[in-house]
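Trainee: Quick one: the structure is below, questions incoming.
The values are calculated or read from the model by the stated rules, or taken from the named source; none is laboratory data. Because the structure is predicted, anything quoted here is derived from the model rather than measured. With ideal geometry, Cβ positions are generated from the backbone for all residues, glycine too; neighbour counts draw on all protein chains shown. Accessible surface is based on the protein model in full, side chains and every heavy atom, while ligands, DNA and RNA are left aside. Shrake-Rupley method; radii C 1.70, N 1.55, O 1.52, S 1.80 Å.
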Amino acid sequence: RKMTAMGQLAAGVAHELNTPLGAISLTLEDIQGLVRGNDDLSSGITLAMDAVEKARKIIERLMSYSRKPTGEHLDVNLKEMITETVEFVRSQLRALKTTARLELADDCNVVGEWQALSQAFLNLLLNGAQAMQALPDSERVIKVSLERTERSAILRVVDGGEGIEPDLMDQVFDPFFTTKPIGKGTGLGLWASLRIVNEHGGQLKLESLPGQGTTATIELPIKG
């Protein structure tokens with residue numbers, strides 16, 4: 001209930017912010033036409049418009065994280081979903097100079113929403129890649145494994161990054177909490193992943209040691 005309430009609150013706040021941002025954007029466009037020829041003012045207006053666009057993107061992300069599931073739970077092949085998601089963000093991983101190593105078991109099918117589960121995994125994957133940016137390029141390897149037990153599919157995302165301080169572990173799933181520098185993260189990724197996994201009847205856990213990396217584990221019930 002708490003996760004659902006937070007999702008509704010976040011969606012409401014995001015919706016309300018769109019209207020004033022739209023007004024600001026239109027006003028800035030009008031002013032930009034009036035200050036042509038004044039380089040200092042034009043530069044300031046451009047920076048302000050860029051800031052509005054960044055705010056819009058944050059709102060779009062927030063609303064997508066907060067969106068209610070469609071209710072269309074179908075057969076999801078986790079091996080295919082993971083492989084396609086990694087391929088989808090291959091360019092982002094390349095930009096982060098990070099390699100993903102996959103060890104994926106077959107016959108790990110669950111009932112759920114492909115897109116939602118892909119988003120939950122994607123958040124963990126990119127978090128892990130971003131956590132290793134202080135390492136030499138050759139050490140930026142994120143390990144993704146999928147295995148099946150009698151009743152569950154277990155997906156692990158393991159990075160060798162900076163890790164999380166023990167006194168922060170209780171806060172990592174809170175919306176808007178982030179250990180990243182200002183402007184580098186919204187603090188919504190883990191919150192959204194937890195919400196998605198919970199809605200699929202699963203569990204999401206983090207294990208981390210400062211300076212030694214983080215292991216994110218998603219456990220989902222196997223299709224019966």
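Trainee: Taking the condition of being modelled with pLDDT under 95 and aliphatic (A, V, I, L, M), how many residues in the range 83-104 meet it?
Mentor: 5
Trainee: Between a first residue in the range 125-144 that is open to solvent by 70 Å² or more (accessible area, probe 1.4 Å) and a second residue that is assigned to a strand (DSSP E or B) and of a type in the set (A, V, I, L, M, F, W, C), which pairs have beta carbons less than 6 Å apart while being 6 or more apart in sequence or on different chains?
Mentor: Lys143/Val158
Trainee: Mind telling me which of the residues Gln130, Gln119 ends up being modelled with pLDDT under 95, of a type in the set (S, T, N, Q) and within 12 Å of Thr214 (Cα to Cα)?
Mentor: Just one listed residue meets the conditions, Gln130.
Trainee: Considering each of Ser91, Ser138, Ser118, Ser145 in turn, give the residue that is assigned to a helix (DSSP H, G or I) and more than 17 Å from the chain's Cα centre (by Cα).
Mentor: After applying the criteria, what remains is Ser138.
Trainee: Would it be correct to say that Arg156 is at pLDDT 95 or above and open to solvent by 50 Å² or more (accessible area, probe 1.4 Å)?
Mentor: Judged against the criteria, Arg156 is a match.
Trainee: Ok, one more. Looking at the range 92-124 only, could you name the residues that are open to solvent by 30 Å² or more (accessible area, probe 1.4 Å) and either free of Cβ contacts under 8 Å to residues at least 40 places away in the same chain or among the acidic types (Asp, Glu) (or both)?
Mentor: Hits for the range 92-124 are Gln92, Arg94, Ala95, Glu103, Asp106, Asp107, Gln115.
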